[in-house]
1. Pro88 versus (1) farther than 20 Å from Ala140 by Cα; (2) at pLDDT 95 or above; (3) not in a helix (DSSP H, G or I): which is the lone unmet condition?
2. Going by the structure shown, is Gly80 over 13 Å from Gln132 (Cβ atoms), small (Gly, Ala, Ser) and modelled with pLDDT under 95?
3. List every residue pair whose Cβ atoms lie under 9 Å apart, where the two residues are 6 or more positions apart in sequence or sit on different chains, the first residue falls within region 158-177 and is in a helix (DSSP H, G or I), and the second residue, located anywhere, is surrounded by fewer than 15 Cβ atoms within 10 Å (Cβ to Cβ) and among the aliphatic types (A, V, I, L, M).
4. Consider Glu163 carefully, then state whether it is farther than 18 Å from Gln43 by Cβ and at pLDDT 95 or above.
5. Among the residues of region 120-140, are any of a type in the set (A, V, I, L, M, F, W, C) and outside any helix (DSSP H, G or I)?
6. Residues in region 100-116: is at least one open to solvent by 60 Å² or more (accessible area, probe 1.4 Å) and at pLDDT 95 or above?
7. Name the single residue, out of those in region 28-67 being more than 17 Å from the chain's Cα centre (by Cα) and of a type in the set (S, T, N, Q), that is surrounded by the fewest Cβ atoms within 10 Å (Cβ to Cβ).
8. Report the residue count in region 129-159 for those that are within 11 Å of the chain's Cα centre (by Cα) and among the small types (Gly, Ala, Ser).
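The values are calculated or read from the model by the stated rules, or taken from the named source; none is laboratory data. In this text, all values refer to a predicted model and were calculated from it rather than measured experimentally. Counting neighbours? That spans all protein chains shown, and the Cβs are built from the backbone with ideal geometry, glycine included. Note: areas computed on protein heavy atoms with side chains; ligands, DNA, RNA excluded. Shrake-Rupley method; radii C 1.70, N 1.55, O 1.52, S 1.80 Å.
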Amino acid sequence: MRLVLAVVALLLTGCGSGATPATPSHNAADVMFLQMLIPQNEQGIEIVRLAANRPVPASLKELSAAIEVTQRTEVDQMKGWLRAWNEPESMAAGAHAGHGGMKMTSPDLVGALKSAPDPEFTRKFLDVLTGQQQGAVELAQTENGTSGGVHPEVRDLARRVIESRTAEVKQLLNFKT
C-alpha cells in the first residue's frame, strides 16, 4: 500500500519535477509567441537562402547559413511543442492583430530582394535581413514580458532569440560592402 501511495504522490507532483498541479505547463502567450515566431523564422530562412547563389562575401554566406540552421532547428522545436500541447501551428490571418500583429518583412521587400541585380544585392540583403532579425527580437520580447508566457523552455527560447538576433543585427549593421 505504501508503494501505491508513493507512486500516486509522484504522479500528483509531476514525477518529482518540481511542478505542481496548479502550475500550467503553457499558456496562451506561449502558444501565440510560437505561432508568430514560426512564420517569422520561415521567412528568415527564405531570405538567407537568397544569399547562397549570389556574389556576396564569404563571411556573409557563412552567417546566412548559420542563421538558416538555427532558425530551422527552432521551427522544428516550436512545432514539436505545439503538437505536444495539441495546439495548432498557425492561427487564422489577422488573429494576432490585437497584440501588434505579425513581425514579418513585407513581401514586397522580399520580392525586390529576389530580383535585385547582383551589384545591389548585398546592400539590400543586409537591409532586409537586419529588419527581419529585429522583428524577431521584438516578438521574443513579448514572450518574456510581464504578461508573457509561462513555459520555461519557451521563455528560454525567447531569451536566446533576443540574444542571438541582437548579435546578428550588430554584425549585419557593421558589415562593410
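1. For Pro88, the failing item is (1).
2. On the way: over 13 Å from Gln132 (Cβ atoms): yes; small (Gly, Ala, Ser): yes; modelled with pLDDT under 95: no.
So Gly80 does not fit the description; no.
3. Glu168/Ala66
4. Yes, satisfied.
5. Looking through region 120-140, none of the residues is of a type in the set (A, V, I, L, M, F, W, C) and outside any helix (DSSP H, G or I).
6. Checking region 100-116: at least one residue is open to solvent by 60 Å² or more (accessible area, probe 1.4 Å) and at pLDDT 95 or above.
7. In this case the residue turns out to be Asn53.
8. Within region 129-159, residues that are within 11 Å of the chain's Cα centre (by Cα) and among the small types (Gly, Ala, Ser) number 4.
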